[in-house]
1. What tally of residues in the stretch 81-96 results from selecting those that are surrounded by 13 or more Cβ atoms within 10 Å (Cβ to Cβ) and either without any contact (Cβ under 8 Å) to a residue 24 or more places away in the chain or in contact with a strand residue (DSSP E or B) (Cβ under 8 Å, 6 or more places away or on another chain) (or both)?
2. Do we find that P53 is assigned to a loop (DSSP other than H, G, I, E, B), surrounded by fewer than 18 Cβ atoms within 10 Å (Cβ to Cβ) and free of Cβ contacts under 8 Å to residues at least 60 places away in the same chain in this structure?
3. Taking the stretch 1-49, which residues are among the hydroxyl-bearing types (S, T, Y) and crowded, with 17+ Cβ neighbours inside 10 Å?
4. Any residue that is at pLDDT 95 or above and not in a helix (DSSP H, G or I) - is there at least one of those in the stretch 17-29?
5. For the stretch 30-52, name all the residues that are among the aromatic types (F, W, Y) and modelled with pLDDT under 95.
6. Checking the condition touching a residue at least 60 places away in the same chain (Cβ under 8 Å), touching a helix residue (DSSP H, G or I) at 6+ places or on another chain (Cβ under 8 Å) and either surrounded by fewer than 15 Cβ atoms within 10 Å (Cβ to Cβ) or assigned to a helix (DSSP H, G or I) (or both), which residue from V71, V111 passes?
7. Does V39 fit the bill of being in a loop (DSSP other than H, G, I, E, B), farther than 26 Å from K2 by Cα and touching a residue at least 60 places away in the same chain (Cβ under 8 Å)?
Amino acid sequence: MKALKGIWIGFWSGLLLGLLLKWIQKVTGEQVYTLLLNVDFIPVIGKVNWSEPVEFTFHLAISLLIAIVYVYLAKRRPYTFGQLTLLSLFLCIPTFILFFPLSSLAVRTDVPALTDMGAYLYWILAHLTYALALPILYKTFERKNAASQ
């Protein structure tokens with residue numbers, strides 16, 4: 001049941017993050033959505049010219065993993081909403097920092113530069129939104145489960 005809850009939460013929070021970054025890219029021209037989906041630096045799979053839906057599926061797979069870990073940790077004991085939020089922020093710290101290796105390792109040139117602080121700010125804001133979506137969705141799912149029992 002924890003894995004199913006994590007999959008549900010990971011799907012919706014990952015979808016939110018992807019759509020938010022796509023919207024930011026469209027409005028500002030900062031290539032943050034392109035950076036999110038880019039896998040060209042990964043051995044073997046980086047050599048394939050994947051379609052956007054497939055690249056988005058890769059993104060969602062990572063989101064599912066994060067959310068499954070989040071749910072597993074959140075279920076260990078009762079947490080307040082604030083504690084769940086701190087747990088989520090702690091788990092998402094690597095996503096805030098990933099901007100730098102993703103920018104520097106990218107083979108393609110249409111991703112933000114390592115020094116593009118505007119793009120980094122959008123990246124952080126979108127990933128903070130993702131981090132805040134995890135406890136909100138977790139609590140929503142918990143309430144729906146309690147109401148149906």
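1. So in the stretch 81-96, the residues surrounded by 13 or more Cβ atoms within 10 Å (Cβ to Cβ) come out as 83-89, 91-92, 95-96.
Next, only the ones that are either without any contact (Cβ under 8 Å) to a residue 24 or more places away in the chain or in contact with a strand residue (DSSP E or B) (Cβ under 8 Å, 6 or more places away or on another chain) (or both) stay: 83, 86.
Counting residues in the stretch 81-96 that are surrounded by 13 or more Cβ atoms within 10 Å (Cβ to Cβ) and either without any contact (Cβ under 8 Å) to a residue 24 or more places away in the chain or in contact with a strand residue (DSSP E or B) (Cβ under 8 Å, 6 or more places away or on another chain) (or both) gives 2.
2. Working: assigned to a loop (DSSP other than H, G, I, E, B): no; surrounded by fewer than 18 Cβ atoms within 10 Å (Cβ to Cβ): yes; free of Cβ contacts under 8 Å to residues at least 60 places away in the same chain: yes.
In short, no.
3. First, the residues of the stretch 1-49 that are among the hydroxyl-bearing types (S, T, Y): 13, 28, 33-34.
Scanning the stretch 1-49 gives S13, Y33, T34.
4. Taking the stretch 17-29 as the starting set, the residues that turn out to be at pLDDT 95 or above are 17-29.
Subsequent filtering for residues that are not in a helix (DSSP H, G or I) retains 29.
The answer is yes, given that some residue of the stretch 17-29 is at pLDDT 95 or above and not in a helix (DSSP H, G or I).
5. Looking only at the stretch 30-52, we keep the residues that are among the aromatic types (F, W, Y), and these are 33, 41, 50.
Result: F41, W50.
6. From the options V71, V111, the qualifying one is V71.
7. Working: in a loop (DSSP other than H, G, I, E, B): yes; farther than 26 Å from K2 by Cα: yes; touching a residue at least 60 places away in the same chain (Cβ under 8 Å): no.
No.
The values are calculated or read from the model by the stated rules, or taken from the named source; none is laboratory data. Keep in mind the model is a prediction, meaning the values are calculated, not measured. Heads up, the Cβs are rebuilt from the backbone with ideal geometry, glycines too, and the neighbour counts pull from every protein chain shown.
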